[in-house]
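Below is one structure; the comments refer to it alone.
The values are calculated or read from the model by the stated rules, or taken from the named source; none is laboratory data. All of these numbers come straight from a predicted model, not from anything done at the bench. Note: ideal-geometry Cβ built from the backbone for every residue, glycine included; neighbour counts use all protein chains shown.
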């Protein structure tokens, strides 16, 4: 630790004003504050700081995403070996998934952080740390079949047009990671949905096998299957080799889907950590699940086809519902900020997600669209919550003065 | 008068008029160009006619008179396109008819033609029409190039790129992307002309 501090102190004059590399000052500043909590104090008014600044907060979120990432790697390998009908051991499965998933993480971080660094240099500001989380979420919400250059284009697009244009971290109206996904979804629909993108059938450096699948292989996600089977008597959701999917498997996440969104267990581990540390709001999480359950129950009561009869606990476990509830809807920048507003915001996120899912077969992943839609409404909700509070208090004051 | 509306007073990116048609017809270059030229012709001649009549039009009914003139010109243009460029006319569909409600037209007639001589009005109409055309063509260039890999209907992105895994961007064909491209043009334009930047 001490030697690192000394090294940074030694490098500091080179990057400070007048130094040889003063143009790269913000890059150095970014790394320094990433490694050590800065000692700066506020210059106006009285404030109390603890050591948790936004870089530390972001780091907690990244930490919370690790279980989902690790499970996503394992599941990617698991689906692959299941599809080609090879019984590989745990470590080989995980290793293969690692090889498949890591490029996405690297590309997303390289492009996003690159743009943030350049933007900070141009504006002459400190480097903002918001992308540390977005860069980790982006690979987790993509199907494994997306080409890397598309990920790069979409990441660049959403960092520039969703975030930097509005003023950088903390000013974005929409969730950056979800905007990346939505850009990909509408730009390259063939690579983002359908039956062929969820299970990777490539070989990496001689590991795995390319394009040879066993009989009965189907690459459709459970939600994709539900849309197709909606008109049948009852849903028969299967895994990639056609065996019926149990609830326990859905909960664990051993099914095809976007890399990090399948396992409710892994997501809950990270999500509860976030709630425990106070980074994510438990009110939003609870109300998202409540909203989903409410809508699913309404569908169950008036069900006219098999998809509408799907019980809410299965809705919770399928697709990106749990991931969205814990990691995306709770994004403190884009969610509602008033306490009462959080309940309304979360409830509608869950409600709309199920509504989109069931009623619009073209968009099997309703969670993405519902969160983005509610992002737009979050400020409106806040406005009315505050207004109604003002009115209530004004009324109280009126009554008192009348007495 | 002729040059000013092309950049400093551009109807689309500075006055922000005629945005709806800029979103609707710019998925390909050809319809965008035809649309731009149609608007140029209509606004130029409408300007001349209104300018000639400017002393005889009663102020209270001037909007109606303007509408009649514009509608007549638009129908002439539409019939002309139908006769000589049927395919493009089909692509533009209702948007030719909607030139009548294009804000650029009413804006120029109200703000310029009612108070200036015919020749000046003619130049003003041509200038504004060309400014509109220019923006439409720029938007359409990027949308067609990135959305369909073509320019004026000819494929420009080589096949070997597609074989290497390149895919056209579907979002570029959709209207939202036109809005973002307009935003980018405004961005570039404002950074060149610093005096236009709002505080």
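Cβ-Cβ distances below 6 Å connect the following pairs, each with a first residue in segment B:172-199 that is within 12 Å of chain A (Cβ to nearest Cβ), a second residue that is modelled with pLDDT under 85 and not in a helix (DSSP H, G or I), and a separation of six or more residues or different chains: B:173/B:27; B:186/B:13. Looking at (1) in contact with a helix residue (DSSP H, G or I) (Cβ under 8 Å, 6 or more places away or on another chain); (2) away from chain B (no Cβ under 11 Å); (3) free of Cβ contacts under 8 Å to residues at least 12 places away in the same chain, which one does residue A:175 not meet, given that it meets all the others? With (1) in contact with a helix residue (DSSP H, G or I) (Cβ under 8 Å, 6 or more places away or on another chain); (2) away from chain B (no Cβ under 11 Å); (3) free of Cβ contacts under 8 Å to residues at least 12 places away in the same chain applied to residue A:175, the lone miss is (3).
Which condition breaks for residue B:55 when tested against (1) over 15 Å from the mean Cα position of the chain (by Cα); (2) part of a helix (DSSP H, G or I)? Unmet for residue B:55, out of (1) over 15 Å from the mean Cα position of the chain (by Cα); (2) part of a helix (DSSP H, G or I): (2).
Residues of segment A:43-59 being in a helix (DSSP H, G or I) and either at pLDDT 85 or above or out of contact with any helix residue (DSSP H, G or I) (no Cβ under 8 Å at 6 or more places or on another chain) (or both), which ones?
Looking only at segment A:43-59, we keep the residues that are in a helix (DSSP H, G or I), and these are A:54-59.
Those that are in a helix (DSSP H, G or I) and either at pLDDT 85 or above or out of contact with any helix residue (DSSP H, G or I) (no Cβ under 8 Å at 6 or more places or on another chain) (or both): A:54, A:56, A:57.
The selection criterion, being outside any helix (DSSP H, G or I) and either on the phi < 0 side of the Ramachandran plot or within 14 Å of chain A (Cβ to nearest Cβ) (or both), does not hold for residue B:125. Say whether the condition of being exposed (fewer than 15 other Cβ atoms within 10 Å of the Cβ) and within 14 Å of another protein chain (Cβ to nearest Cβ) is met by at least one residue in segment A:113-132. Checking segment A:113-132: at least one residue is exposed (fewer than 15 other Cβ atoms within 10 Å of the Cβ) and within 14 Å of another protein chain (Cβ to nearest Cβ).
In segment A:144-170, the residues that are free of Cβ contacts under 8 Å to residues at least 12 places away in the same chain form Cβ pairs under 6 Å with partners that are surrounded by 16 or more Cβ atoms within 10 Å (Cβ to Cβ), at six or more places apart or across chains, as follows: A:166/A:172.
Looking only at segment B:155-171, filter to residues that are in a loop (DSSP other than H, G, I, E, B) and either facing chain A (nearest Cβ under 8 Å) or out of contact with any strand residue (DSSP E or B) (no Cβ under 7 Å at 6 or more places or on another chain) (or both); which one of those is surrounded by the most Cβ atoms within 10 Å (Cβ to Cβ)? Full working, then the answer.
Narrowing segment B:155-171 to residues in a loop (DSSP other than H, G, I, E, B): B:156-158, B:164-169.
Of the ones still in play, those that are also either facing chain A (nearest Cβ under 8 Å) or out of contact with any strand residue (DSSP E or B) (no Cβ under 7 Å at 6 or more places or on another chain) (or both) are B:157-158, B:164-169.
Numbers: B:157: 15, B:158: 11, B:164: 9, B:165: 11, B:166: 16, B:167: 16, B:168: 17, B:169: 23.
Per the criteria, the residue is B:169.
Tell me, please, whether a residue that is assigned to a helix (DSSP H, G or I) and within 14 Å of chain B (Cβ to nearest Cβ) can be found in segment A:135-145. It would help to see each step written out before you state the result.
Step one: of segment A:135-145, the residues assigned to a helix (DSSP H, G or I) are A:135-140.
Then keep just the ones that are within 14 Å of chain B (Cβ to nearest Cβ); that gives none.
No; the residues of segment A:135-145 include none that is assigned to a helix (DSSP H, G or I) and within 14 Å of chain B (Cβ to nearest Cβ).
Results for (1) touching a helix residue (DSSP H, G or I) at 6+ places or on another chain (Cβ under 9 Å); (2) surrounded by 24 or more Cβ atoms within 10 Å (Cβ to Cβ), shown as yes or no for each residue.
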residue	(1), (2)
A:312	yes, no
A:328	yes, yes
A:337	yes, no
A:346	yes, yes
A:349	yes, yes
A:352	yes, no
A:357	yes, yes
A:376	no, no
A:386	yes, no
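When the test is whether a residue is surrounded by fewer than 19 Cβ atoms within 10 Å (Cβ to Cβ), at pLDDT below 85, facing another protein chain (nearest Cβ under 10 Å) and more than 29 Å from residue A:123 (Cα to Cα), residue A:213 does not pass it. Being within 14 Å of another protein chain (Cβ to nearest Cβ) and surrounded by 24 or more Cβ atoms within 10 Å (Cβ to Cβ) holds for only one residue in A:158, A:108, and it is A:158.
The rows are residues; the columns are (1) more than 14 Å from chain B (Cβ to nearest Cβ); (2) modelled with pLDDT of 75 or more; (3) over 18 Å from residue B:169 (Cα atoms); (4) surrounded by fewer than 21 Cβ atoms within 10 Å (Cβ to Cβ).
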site	(1), (2), (3), (4)
A:167	yes, yes, yes, yes
A:191	no, yes, no, yes
A:230	yes, no, yes, yes
A:251	yes, yes, yes, yes
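Taking the numbered list (1) within 14 Å of another protein chain (Cβ to nearest Cβ); (2) part of a helix (DSSP H, G or I); (3) surrounded by fewer than 22 Cβ atoms within 10 Å (Cβ to Cβ) in turn, residue A:95 passes all entries but (1).
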